[in-house]
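Notes to accompany the following structure.
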Amino acid sequence: MKFKNLLLTLGLLISFQINSLAQEKKDFLSIGEKIKFENKTYNLEWSSNPTPTYFKQEYIQTGETVEKYNEMIIIEAVNGNIEINQAAGMKIREIKNLKKTNPIVNYQVFNNKDKSEITIDFMLSDNSRGIFEWNVYRYQKQENKSGNNLVLYVYSYRNYVSSREEIMGFFTNVKSMRINKINSVNEANIPKITIAN
């Protein structure tokens with residue numbers, strides 16, 4: 001079975017998609033409707049199961065929306081024998097392609113050999129909509145009664161800017177919190193995925 005299309009789907013945040021409010025909000029991954037990150041509570045607000053083996057759930061804090069948020073936690077899973085290096089490698093190539101036309105785009109890769117995981121942090125922007133975004137992606141393999149799952153745990157930070165001062169403020173914020181956030185993502189207990197029937 002070929003997983004290329006699934007790998008291209010994994011991590012769609014990079015495309016700045018607008019999620020449909022009509023989409024069912026369901027805990028497909030059996031990980032709960034609330035997630036804690038750095039002592040903050042994030043609530044399940046949107047979920048999707050566009051293919052039989054791909055699942056995505058987005059969590060935001062009270063008062064925010066998936067269309068316009070400041071911080072978000074995303075859990076994605078692909079059921080199947082997909083290697084972390086495959087998924088991370090395709091994401092890196094995607095980021096590199098974006099960087100050819102957007103100088104804001106930048107990234108760094110961290111290999112956690114002890115946990116056999118890969119973490120990528122990257123910055124990108126959608127200038128037409130005034131969106132500047134910084135993400136930390138952590139890839140993990142899980143195996144349980146649901147089978148083999150490639151899991152993606154994401155922390156996403158956004159600013160909506162309309163001036164040079166606001167853009168510089170975004171860069172300053174990311175610089176000041178970057179290392180701590182990356183450490184927090186790497187230290188987070190990623191929920192154990194169980195695909196709901």
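The values are calculated or read from the model by the stated rules, or taken from the named source; none is laboratory data. Please read all numbers here as calculations on a predicted model, not as lab measurements. Reconstructed Cβ throughout: ideal geometry from the backbone, glycine too, with neighbour counts over all protein chains shown.
So that you can scan it fast, the table gives a plain yes or no per residue for (1) surrounded by 19 or more Cβ atoms within 10 Å (Cβ to Cβ); (2) modelled with pLDDT of 95 or more; (3) among the acidic types (D, E); (4) in a strand (DSSP E or B):
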| residue | (1), (2), (3), (4) |
| --- | --- |
| S48 | yes, no, no, yes |
| E58 | yes, yes, yes, yes |
| T62 | no, yes, no, no |
| K68 | no, no, no, no |
| M72 | yes, yes, no, yes |
| I82 | yes, no, no, no |
| M123 | yes, yes, no, yes |
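Condition first: free of Cβ contacts under 8 Å to residues at least 60 places away in the same chain and over 16 Å from the mean Cα position of the chain (by Cα). Now tell me which residues in the stretch 180-197 satisfy that.
If the condition is that a residue be free of Cβ contacts under 8 Å to residues at least 60 places away in the same chain and over 16 Å from the mean Cα position of the chain (by Cα), then N180, N197 are the ones that fit.
Given Y107, Y160, Y153, Y137, which one is modelled with pLDDT of 95 or more and touching a Phe, Trp or Tyr at 6+ places or on another chain (Cβ under 7 Å)?
Y107
Test of understanding: among I95, I74, I60, which residue is closer than 26 Å to N148 by Cα and among the β-branched types (V, I, T)?
I74
Given T41, T65, T53, T119, which one is farther than 19 Å from K192 by Cα and either without any contact (Cβ under 8 Å) to a residue 40 or more places away in the chain or in contact with a strand residue (DSSP E or B) (Cβ under 9 Å, 6 or more places away or on another chain) (or both)?
T65
Out of K181, K145, K91, I need the residue that is touching a Gly at 6+ places or on another chain (Cβ under 6 Å) and within 26 Å of F55 (Cα to Cα). Which one?
K91
If you take the residues of the stretch 129-146 that are part of a strand (DSSP E or B) and out of contact with any Ser or Thr (no Cβ under 9 Å at 6 or more places or on another chain), which of them is surrounded by the fewest Cβ atoms within 10 Å (Cβ to Cβ)?
E143
If we scan the stretch 150-165, do we find a residue that is farther than 21 Å from K56 by Cβ and in a helix (DSSP H, G or I)? Full working, then the answer.
Of all residues in the stretch 150-165, those farther than 21 Å from K56 by Cβ come to 159-165.
Within this subset, residues satisfying the condition of being in a helix (DSSP H, G or I) are 164-165.
Checking the stretch 150-165: at least one residue is farther than 21 Å from K56 by Cβ and in a helix (DSSP H, G or I).
Could you list all residues from the stretch 103-114 that are part of a loop (DSSP other than H, G, I, E, B) and either touching a Lys or Arg at 6+ places or on another chain (Cβ under 8 Å) or surrounded by 13 or more Cβ atoms within 10 Å (Cβ to Cβ) (or both)?
I104, V105
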